[in-house]
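Engineer: The structure that follows is given in the form of structure tokens.
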Amino acid sequence: MASAPTTTTPPAEPPVKQSKRAAKKAAREESGAWYPRWYWPSLASPSALWLAIFFILPLYVVVSVAFGTSDPIFGAPLPVYEPWYWSGSSFQQVIKRFVGPASFWQPSLIRTLVFVAIASLICVVVGFLVAYYVARYGGKRKTLYLVLLVAPFWISYLMRIFAWQSLLQPNGYVNDFLRIIHVAPTPIDWLSGKPVTVILSLVYGYIPYMILPIYGGIDRMNVSWLEASKDLGANPFRTFFRVTIPVSKQAILAGAVIVSLPMFGDYYTNNLMGSSRTSMYGNLIDKTITQQGQGPRAGSLVLILMVLLLIPMLYYLRSTRRAAEGVE
Amino acid sequence: MSEVAIGRPAPAPSGDRLTRWLKSPWRKPVGLAAFTWAYLAWSILPVLVAIAFSFNAGRSRSTWQGFSFRWWWQDPTDSLFHDPALRSAITQSLKLSIVTMLIAVPLGTLFAIAIDRWHTKPARFANFGMLFSFVLPEIILGVALYLLFTNLLRSLVPLGTGAQLLGLITFQLSYPVIIVRARLLTIGGFYEEAAMDLGARPRQAITRVLLPLLYPAIFASFAIVFADTIDDFVTVNYLSSTLATQPLSVKIYSAARASPTPAVNAAATFMLITTFVAIGIAIMMYRWFTRGQRSGGSSVTEFVQL
């Protein structure tokens, strides 16, 4: 900070005094002198009850459907709510479609893993470069940059994908452009199930969620650390890999998780930009859920996805909680 | 600025200026700047093209055929404001967003205040559940709610507007919680304590001191929930029953898979305008309620960083 603040800021309180006050406050809160015992629970209970009915209960219904059967005549799922009557036959069938000799769903699973890995990696690299530039060199234009970076948040995902779908039509502007610069004399059919199209669409759709956390991470970084590293003789590359990356690692990982989680369940991007040749895990769920007699399988698919994503989800929650505590 | 002047070597009579400029540690990272602007163009231009094509005179959404308001209102059957299916979709979108916003934000705000002050095991557990609903991919919650409303609660809540509202509120509940809690962290407990030292009862301290301090966060939540709900597509799609309960987003999705006309562009643009109006109102509210507290810097930046 070069310019001295003109306003008089109160001097920082010595840490001893602060911790004493915090301890006092905690003691007061525990004794409940300020608020009646029932006060906070009563404020929290409407939402907690809501979550119990419309969040926990549906997840239990998914398990009950996955381990239930379906009506032999009408095909409607017959969920079994008592765990001791659960049957794993549908679940086993689903597993057999992923591994084993008749694993005709396996390509979708592998494709999903590969697509999400590549798309997340592109998101990390591109997101990091853009966030790094805006955080360190944004200068006076920082507000403008931030508004432009946040704008995609407020534009519906569907509209953004739809915009690309129009541009990538055989007679669309992308093919026009490629023809003019003599890269592709004949129009390329981008929407016929090309992995490139689907991966780039995923990047396009989710990268805004990546840039803001990384931006926050880099923005908090102390510039004097970089100067210190330079003063101590490190070249720019060394500084980057030994200071910048370790400092923003947490934000990068959190961003990678937050973009990859929705990608795993994405089915609409492929439905609009790809074909059955690029179908992903989300497409399996979306297809089976509407088919007659496939209820237990759809439930099993959702259950498997949830179990697979449990670790990244918990990781993300833990890292954000840590970040919040760090700020406190 | 002085360090730049000292650090830059004195201009030598001979020597390659380009190499020196490239090696200079103080030069602006031109490549990075170009990359950032290319990224911004890539992220925003397609949407602007899509908006422009809502004014296309012809049926194509990829070849420009002249300017007209045909797909907004001039066409008596297929334009956004005359096609009965699109009109009902607009009403449905607005209805769902407004009701979701009015229920989710108060519920979430109360929850945030309670969790912030009530440090016990059940509170931590409830908070964990809330954050879990935030990170869970929408398809999982959407399918789970679909299975709930078609099996366990089949006779209580049929698919349709009611089910869509319940699903949307569940999905949106975590936004106000996260935003309000962030604001509570910066406020701290001192204002309330001061109010109570001055004789306010606990409830007065909340309603007359804490709540006004939270207004910025609450208005931000209203805007974010409204905008996110109007764009929502997965949950409402699974929980819609008839064509009449499909909001604009679902119509856009099904049209995009079939043979869309620029009326779809007009519908998407309409959604975009509604969202930006909501955000604009929220930023204005935010400015109004934080007018005495800003330390400098633009309110837009602060709002964006929420």
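The values are calculated or read from the model by the stated rules, or taken from the named source; none is laboratory data. Note that the coordinates shown come from a computational prediction; the quantities given were computed from them, not determined experimentally. Methodologically, a virtual Cβ is constructed for each residue, glycine included, from the backbone with ideal geometry; neighbour enumeration extends over all protein chains shown.
Engineer: Which numbered condition in (1) touching a residue at least 12 places away in the same chain (Cβ under 8 Å); (2) surrounded by fewer than 19 Cβ atoms within 10 Å (Cβ to Cβ) is the only one that B:Ala217 fails?
Structural biologist: (2)
Engineer: So the check is Cβ under 7 Å with 6+ separation or different chains; which pairs have a first residue in segment B:178-201 that's crowded, with 19+ Cβ neighbours inside 10 Å and a second one that's outside any helix (DSSP H, G or I) and of a type in the set (A, V, I, L, M, F, W, C)?
Structural biologist: Every condition considered, the pairs that remain are B:Ile179/B:Leu306.
Engineer: Looking at segment A:78-96, is at least one residue touching a Lys or Arg at 6+ places or on another chain (Cβ under 9 Å), among the basic types (Lys, Arg) and at pLDDT 85 or above?
Structural biologist: Within segment A:78-96 (the criterion being touching a Lys or Arg at 6+ places or on another chain (Cβ under 9 Å), among the basic types (Lys, Arg) and at pLDDT 85 or above), the answer is no, since none of the residues qualifies.
Engineer: Can you tell me which condition A:Ile181 does not meet? The list is (1) among the β-branched types (Val, Ile, Thr); (2) free of Cβ contacts under 8 Å to residues at least 12 places away in the same chain; (3) crowded, with 16+ Cβ neighbours inside 10 Å, and all the others hold.
Structural biologist: With (1) among the β-branched types (Val, Ile, Thr); (2) free of Cβ contacts under 8 Å to residues at least 12 places away in the same chain; (3) crowded, with 16+ Cβ neighbours inside 10 Å applied to A:Ile181, the lone miss is (3).
Engineer: Six or more apart or on different chains, Cβ under 7 Å: which pairs go from a residue in segment A:288-299 that's of a type in the set (Val, Ile, Thr) to one that's at pLDDT 85 or above? Could you list them?
Structural biologist: If the second residue must be at pLDDT 85 or above, the pairs left are A:Thr288/A:Arg297; A:Thr288/A:Ala298; A:Thr288/A:Leu301; A:Ile289/A:Ala298; A:Ile289/B:Val143; A:Ile289/B:Tyr146.
Engineer: Same structure again: Among residues belonging to segment B:71-111 that are outside any helix (DSSP H, G or I) and in contact with a helix residue (DSSP H, G or I) (Cβ under 7 Å, 6 or more places away or on another chain), point out the one that is nearest to the other protein chains (Cβ to nearest Cβ).
Structural biologist: Only one residue fits best here, namely B:Leu80.
Engineer: Determine whether A:Arg136 is in contact (Cβ under 8 Å) with a residue 60 or more places away in the chain, farther than 30 Å from A:Phe91 by Cα, touching a helix residue (DSSP H, G or I) at 6+ places or on another chain (Cβ under 8 Å) and part of a helix (DSSP H, G or I).
Structural biologist: Spelling it out, A:Arg136 is indeed in contact (Cβ under 8 Å) with a residue 60 or more places away in the chain, farther than 30 Å from A:Phe91 by Cα, touching a helix residue (DSSP H, G or I) at 6+ places or on another chain (Cβ under 8 Å) and part of a helix (DSSP H, G or I).
Engineer: Turning to a different aspect of this structure: Given the structure, is A:Arg277 out of contact with any helix residue (DSSP H, G or I) (no Cβ under 8 Å at 6 or more places or on another chain) and either acidic (Asp, Glu) or in contact (Cβ under 8 Å) with a residue 60 or more places away in the chain (or both)?
Structural biologist: yes
Engineer: Of everything in segment A:228-270, what is surrounded by fewer than 20 Cβ atoms within 10 Å (Cβ to Cβ) and charged (D, E, K, R)? Give them in sequence order.
Structural biologist: A:Lys230, A:Asp231, A:Arg238, A:Arg242, A:Lys249
Engineer: May I ask you to verify whether A:Thr320 is facing another protein chain (nearest Cβ under 10 Å) and either among the aromatic types (Phe, Trp, Tyr) or within 30 Å of A:Pro72 (Cβ to Cβ) (or both)?
Structural biologist: Considered against the rule, which asks whether it is facing another protein chain (nearest Cβ under 10 Å) and either among the aromatic types (Phe, Trp, Tyr) or within 30 Å of A:Pro72 (Cβ to Cβ) (or both), A:Thr320 comes out as no.
Engineer: Working only within segment A:269-290, note down all residues that are within 17 Å of B:Phe149 (Cα to Cα) and part of a loop (DSSP other than H, G, I, E, B).
Structural biologist: Hit for segment A:269-290 is A:Thr290, nothing else.
The rows are residues; the columns are (1) free of Cβ contacts under 8 Å to residues at least 40 places away in the same chain; (2) within 25 Å of the chain's Cα centre (by Cα).
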site	(1), (2)
B:Ala85	no, no
B:Ala89	no, yes
B:Thr100	no, yes
B:Leu107	no, yes
B:Leu110	yes, yes
B:Phe128	yes, yes
B:Ser133	no, yes
B:Glu138	no, yes
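Engineer: Determine if segment A:70-79 includes at least one residue that is assigned to a helix (DSSP H, G or I) and surrounded by fewer than 15 Cβ atoms within 10 Å (Cβ to Cβ).
Structural biologist: Looking through segment A:70-79, none of the residues is assigned to a helix (DSSP H, G or I) and surrounded by fewer than 15 Cβ atoms within 10 Å (Cβ to Cβ).
Engineer: Here's a follow-up. On the given criteria, is B:Leu147 within 18 Å of A:Leu317 (Cα to Cα) and crowded, with 20+ Cβ neighbours inside 10 Å?
Structural biologist: Here the answer is no, as B:Leu147 does not meet what is asked.
Engineer: Follow-up question, since we're still on this one. Does B:Leu152 count as surrounded by 18 or more Cβ atoms within 10 Å (Cβ to Cβ), facing chain A (nearest Cβ under 9 Å) and over 19 Å from B:Thr245 (Cα atoms)?
Structural biologist: yes
Engineer: Looking at segment A:37-55 only, could you name the residues that are more than 7 Å from every other protein chain (Cβ to nearest Cβ) and at pLDDT 90 or above?
Structural biologist: The answer is A:Leu49, A:Ala52, A:Ile53.
Engineer: Continuing with this model, one more query. (1) in contact (Cβ under 8 Å) with a residue 40 or more places away in the chain; (2) within 13 Å of chain A (Cβ to nearest Cβ); (3) not aromatic (Phe, Trp, Tyr): which one isn't true of B:Gln65, the others all being true?
Structural biologist: (1)
Engineer: Every residue in segment A:154-202 that is over 26 Å from the mean Cα position of the chain (by Cα) and β-branched (Val, Ile, Thr), please.
Structural biologist: Once the filter is applied, which keeps residues that are over 26 Å from the mean Cα position of the chain (by Cα) and β-branched (Val, Ile, Thr), segment A:154-202 yields A:Val174, A:Ile180, A:Ile181, A:Val183, A:Thr186, A:Ile188.
Engineer: Then there is this: Can you tell me which of B:Ser259, B:Ser240 is free of Cβ contacts under 8 Å to residues at least 60 places away in the same chain, away from chain A (no Cβ under 11 Å) and among the polar types (S, T, N, Q)?
Structural biologist: B:Ser259
Engineer: Ok, one more. Would you point out which residue out of B:Ala126, B:Ala114, B:Ala144 is facing another protein chain (nearest Cβ under 7 Å), in a helix (DSSP H, G or I), farther than 28 Å from B:Leu213 by Cβ and of a type in the set (Gly, Ala, Ser)?
Structural biologist: B:Ala144
Engineer: May I pose another question? Residue by residue through segment A:147-191, note down the ones that are in a loop (DSSP other than H, G, I, E, B) and within 7 Å of chain B (Cβ to nearest Cβ).
Structural biologist: A:Ile155, A:Ser156, A:Gln169, A:Asn171, A:Gly172
Engineer: Next question, about the same structure. Among the residues of segment A:101-109, is there at least one that is within 14 Å of chain B (Cβ to nearest Cβ), farther than 30 Å from A:Ser248 by Cα and not in a helix (DSSP H, G or I)?
Structural biologist: Looking through segment A:101-109, none of the residues is within 14 Å of chain B (Cβ to nearest Cβ), farther than 30 Å from A:Ser248 by Cα and not in a helix (DSSP H, G or I).
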